[in-house]
Amino acid sequence: MFNALDMAPPDPILGLIETFKKDPNPAKINLSIGVYRDAKNQTPVLQCVKRAEERLVSTESTKNYVSPNSGAMDYAAAVQELLFGADHEIVKSNRAVTAHTPGGTGALRTAGDFMKGLLGAKRIWLSEPTWPNHPSVFEAAGLESATYPYYDAANKSLDFEPMLDALKKIPSGEFVLLHGCCHNPTGMDPTPEQWKAIADVAAKQGWMPVFDFAYQGLADGIREDAAGLSQFLGAGQELMICSSFSKNFGLYNERVGALTVVGESETAAEKALSHLKRVIRTNYSNPPAHGSQIVVTVLNDPELRKLWEGEVKEMRDRIAGMRQLFVDTLKAKGVKQDFAFLTKQKGMFSFSGLTKDHVAELRDKHAVYIVGSGRINVAGMTADNMDALCNAIAAVLGG
Ligand code: LMR
């Protein structure tokens, strides 16, 4: 049976990592997967995480299953506090429920299964472009994908009016995926006014916003990055949020994510949670506990939380610094195209405008790895690799 299969195509992001690892060039540069690297080109465990883990190792008394299987209550509370703020009406009125999922991708898949199996969804609307795994995850859940315009490649900006026009045509009862901040892959986020306009359309049309919120803290600040989401939290409004601690806690391999469902009332939210438990039971049964315990320990301890906030700021500031250095270095090398638009983009990613041919040449001739769409992970740049990187880009762009 197995031999009768054709080989599957490599994943557009994870497949690149495999190729990168095999590349013998000692000067190779990896700007592909969205993983943060520090000035020394390392992805270290955050100090706040190490400290929390030391505590957990000495106090942990069981490896029993997490109960309920939707995740621990203190984890749900910590997630909601980050999303909405501690005193938000949604928190006080208990009309949000949170399931602990294996990573943000696990949250998306759980949401997809929930939408398809329980909410009558047939398709989900995705920004064009979007993270290449979005359509695949929802297809695996039995949903079709449709797209709305998002990015104006010629002007390197948000394609806002066409986007809003498209969102105004989506009928009630449909599902629309929005990137909470640090849009993946473009790095272009709506302004607060634009978010408000999108939220007004959602409320008027009655479609369900489904947020992918994987980069909180990496654009402008932990609370600041929830500003777009906060426009959708009016009285009685329903929505879903898929969030992740992979990036802002560096907990990539611990798989710590969450699906939060906000219902019009506490009863509606309780009903949703009862079904999420069943969806989870037939998928992965129980979430992995360790990463969520780290998050809870850090967020609930004033000293560790302060340390975490500082570490997130350090990541955010380093990325912003690399954006500027990249733009300046390309200019200094005589590259004619103006890359200044990169400094308007937020988070790890930049949609560079490099073509598929440029991407292939960068990889094959210069051992620089970026995603085929031209998406660059700015968090993989360092002061040390900047010169070689910009030389390579100058070479493929022809000076
Ligand atoms: C990315 O877009 O690079 C990240 O979200 C990691 C992934 O799983 O693709």
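Pick out the one residue from V359, V327 that is outside any loop (DSSP other than H, G, I, E, B) and more than 16 Å from the ligand (Cβ to nearest atom).
Values: V359 fails: more than 16 Å from the ligand (Cβ to nearest atom).
Unique residue meeting the criteria: V327.
Would segment 12-29 turn up any residue that is within 16 Å of the ligand (Cβ to nearest atom), outside any loop (DSSP other than H, G, I, E, B) and touching a helix residue (DSSP H, G or I) at 6+ places or on another chain (Cβ under 7 Å)? So far as segment 12-29 goes, yes, one or more of its residues are within 16 Å of the ligand (Cβ to nearest atom), outside any loop (DSSP other than H, G, I, E, B) and touching a helix residue (DSSP H, G or I) at 6+ places or on another chain (Cβ under 7 Å). The set of residues from segment 114-133 being surrounded by fewer than 22 Cβ atoms within 10 Å (Cβ to Cβ) and closer than 29 Å to H290 by Cα comprises P132, N133. Take the conditions (1) more than 16 Å from the ligand (Cβ to nearest atom); (2) part of a loop (DSSP other than H, G, I, E, B); (3) not aromatic (F, W, Y); D189 misses just one of them, which is (1). Quick check on G372: is it within 16 Å of the ligand (Cβ to nearest atom), in contact (Cβ under 8 Å) with a residue 24 or more places away in the chain and assigned to a loop (DSSP other than H, G, I, E, B)? Yes.
Taken over segment 242-286, the criterion of being more than 16 Å from the ligand (Cβ to nearest atom), under 30 Å from K50 (Cα atoms) and surrounded by 20 or more Cβ atoms within 10 Å (Cβ to Cβ) is satisfied by L259, T260, I280. Scanning segment 100-152 for residues that are assigned to a helix (DSSP H, G or I) and of a type in the set (K, R) returns R109, K116. For segment 314-364, the candidate set comprises residues that are at positive phi and surrounded by 14 or more Cβ atoms within 10 Å (Cβ to Cβ); within that set, the residue that is nearest to the chain's Cα centre (by Cα) is G347. Select from segment 9-30 the residues that are surrounded by 14 or more Cβ atoms within 10 Å (Cβ to Cβ) and of a type in the set (V, I, T) and write down the one among them that is modelled with the highest pLDDT. Residue satisfying both the conditions and the ranking: I29. With respect to the conditions (1) of a type in the set (G, A, S); (2) away from the ligand (no atom under 16 Å from the Cβ); (3) over 25 Å from M240 (Cβ atoms), A78 lacks only one, and its number is (3).
Looking at (1) under 28 Å from R223 (Cβ atoms); (2) in contact (Cβ under 8 Å) with a residue 60 or more places away in the chain; (3) in contact with a His (Cβ under 7 Å, 6 or more places away or on another chain), find the lone condition where L126 falls short. Unmet condition: (2).
Here's the yes/no breakdown for (1) within 16 Å of the ligand (Cβ to nearest atom); (2) closer than 17 Å to E270 by Cα:
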site: I90; (1), (2): no, yes
site: S93; (1), (2): no, yes
site: P102; (1), (2): yes, no
site: T105; (1), (2): yes, no
site: R123; (1), (2): no, no
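Taking the condition buried (at least 22 other Cβ atoms within 10 Å of the Cβ) and within 20 Å of G103 (Cα to Cα), does V296 pass? It is false that V296 is buried (at least 22 other Cβ atoms within 10 Å of the Cβ) and within 20 Å of G103 (Cα to Cα). Across segment 375-391, the qualifying residues are those that are in contact with a Leu (Cβ under 6 Å, 6 or more places away or on another chain) and more than 15 Å from R318 (Cα to Cα), and the one among them that is nearest to the ligand (Cβ to nearest atom) is I376. Of all the numbered requirements in (1) charged (D, E, K, R); (2) more than 16 Å from the ligand (Cβ to nearest atom); (3) surrounded by 14 or more Cβ atoms within 10 Å (Cβ to Cβ); (4) assigned to a loop (DSSP other than H, G, I, E, B), D6 misses one, and that requirement is (3).
There is no residue in segment 52-61 that is surrounded by fewer than 18 Cβ atoms within 10 Å (Cβ to Cβ) and either within 16 Å of the ligand (Cβ to nearest atom) or under 17 Å from L362 (Cβ atoms) (or both). Pairing residues of segment 102-115 that are without any contact (Cβ under 8 Å) to a residue 40 or more places away in the chain with residues that are part of a helix (DSSP H, G or I) and within 16 Å of the ligand (Cβ to nearest atom), at Cβ distances under 7 Å and at least 6 apart in sequence or on separate chains, gives G112/V137; G112/F138.
The values are calculated or read from the model by the stated rules, or taken from the named source; none is laboratory data. Model, not experiment: these values are computed from the prediction. Positions of Cβ are backbone-derived with ideal geometry, glycine not excepted, and every protein chain shown enters the neighbour counts.
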